[in-house]
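In what follows, a structure is listed as structure tokens, so that the remarks can point back to it.
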Amino acid sequence: DAGVTQSPTHLIKTRGQQVTLRCSPKSGHDTVSWYQQALGQGPQFIFQYYEEEERQRGNFPDRFSGHQFPNYSSELNVNALLLGDSALYLCASSLGTLHTDTQYFGPGTRLTVL
Amino acid sequence: GEDVEQSLFLSVREGDSSVINCTYTDSSSTYLYWYKQEPGAGLQLLTYIFSNMDMKQDQRLTVLLNKKDKHLSLRIADTQTGDSAIYFCAERGQSGGSYIPTFGRGTSLIVHP
């Protein structure tokens, strides 16, 4: 049973570009959350998707957007990249949206913006 | 806004107990979590505690919660070299009707022989 998978593992972009990160949830999970983890920091919640809709959102600008597909996989899109967007982007999946639902994290995508 | 604070480093000898401390500010916190992150990996949920509990024990792990002081601790008994990792404290309160988790910066646990 595959856990949460993310692609790509590493990515290098330049300022102003756009990027798309992908996440496949753990089998049987229907909810995907995205986090940004800057170097030396804890993860910061970006948003959560359930039933193909954004259900909750953290304090991130509109440059960060996402999508969830019918098979529950998800994409995170970031437009007009800034140097400060360099971070590890983590995807977590769960069955349901309750805070008691255990979230399983993927290994992350390391994004470097030059 | 909500804040979660942790000390950044802890060094212990193999076989000793480790105690990692965390303080939070959100009085509406309902669930508090401990996660473990090993190099190059995502976060692994170790345990969580409801805000109306004082203590939770799970094998080598003991979580203590002092809700009055908003202080959470994780004790690892008989610490092993495989326990070396970054440990994150996180809380989930209610903000505007939704539940958004807030993580600390993480405590890097170093276990030496």
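The values are calculated or read from the model by the stated rules, or taken from the named source; none is laboratory data. Remember, predicted model here, so these are calculated numbers, not experimental data. Neighbour counts are summed over all protein chains in view; Cβ atoms, including those assigned to glycine, are modelled from backbone coordinates with ideal geometry. Protein only, heavy atoms only, side chains kept; ligands, DNA and RNA dropped before computing areas. Shrake-Rupley method; radii C 1.70, N 1.55, O 1.52, S 1.80 Å.
With all pairs of different alpha carbon atoms counted, what Kirkwood hydrodynamic radius in Å does chain A show?
One decimal place: 13.9 Å for the Kirkwood radius.
Distance from a point 7 Å along Cα→Cβ of A:Thr102 to each backbone N in segment B:45-69: keep the residues under 11 Å and list them by number. Answer for this model: B:45-48.
Take every DSSP beta bridge with both residues inside chain B and express the antiparallel ones as a percent of the total, to the nearest 5.
Numbers: 40 of 45 bridges.
Counting only bridges with both partners in chain B, antiparallel ones make up about 90 percent.
Using C-alpha pairs under 8 Å with a sequence gap of at least 6, the mean separation divided by the residue count of chain B gives a relative contact order of 38 percent.
You can think of it this way: the chain between A:Leu114 and A:Lys13 has 35.7 nm of extra reach, that is 0.36 nm per residue less the Cα-Cα gap. Averaged over its residues, segment A:1-69 has an accessible area of 52 Å² per residue, based on protein heavy atoms and a 1.4 Å probe.
With +1 on each Lys and Arg Cβ and -1 on each Asp and Glu Cβ, and nothing else charged, work out how big the dipole of segment B:4-100 is about its Cα centre, in Debye to the nearest 20.
Values: 9 positive and 11 negative charges, 46 e Å.
Around 220 debye, computed over segment B:4-100.
Under the convention that each Lys and Arg Cβ holds +1 and each Asp and Glu Cβ holds -1, the size of the dipole of the protein assembly as shown around its Cα centre is about 380 debye. Quick note on segment A:2-42: its Rg to Rh ratio, both from C-alpha atoms and Rh being the Kirkwood radius, is 1.02. In this simple spin-label model, placing a label point 7 Å from the Cα along the Cα-to-Cβ direction at both B:Ile110 and A:Asp30 gives a separation of 4.7 nm. Along the axis of the charge dipole computed for the protein assembly as shown (Cβ charges of +1 for Lys and Arg, -1 for Asp and Glu, origin at the Cα centre), the listed residues A:Ala80, A:Pro70, B:Ile100 are led at the positive end by A:Ala80. Here chain A is scanned for trypsin sites (Lys or Arg not before Pro) in DSSP loops (not H, G, I, E, B) that have at most 16 other Cβ atoms within 10 Å, and the longest stretch holding none of them is A:64-114. Excluding same-chain neighbours fewer than eight residues apart, the lysines reachable from B:Lys68 by a Cα-Cα span under 28 Å are B:Lys36, B:Lys56.
Sequence-ordered 3J(HN,Hα) estimates for segment B:85-91 from the Karplus curve with 6.51, -1.76 and 1.60 and θ = phi - 60° stand at 4, 9, 10, 10, 8, 9, 10 Hz, glycine and proline given as x.
As an equivalent ellipsoid, the protein assembly as shown spans semi-axes of 29, 20, 17 angstrom, where each value is the square root of five times an eigenvalue of the C-alpha gyration tensor, largest first. Counting heavy atoms of the protein chains alone, B:Val19 has an accessible area of about 70 Å² for a 1.4 Å probe. By a 1.4 Å probe calculation restricted to protein chains, B:Cys89 has an accessible surface near 0 Å², given to the nearest 10. Computed as a quarter of the hull surface, the mean projected area of the alpha carbon convex hull for chain B stands at 6.9 nm².
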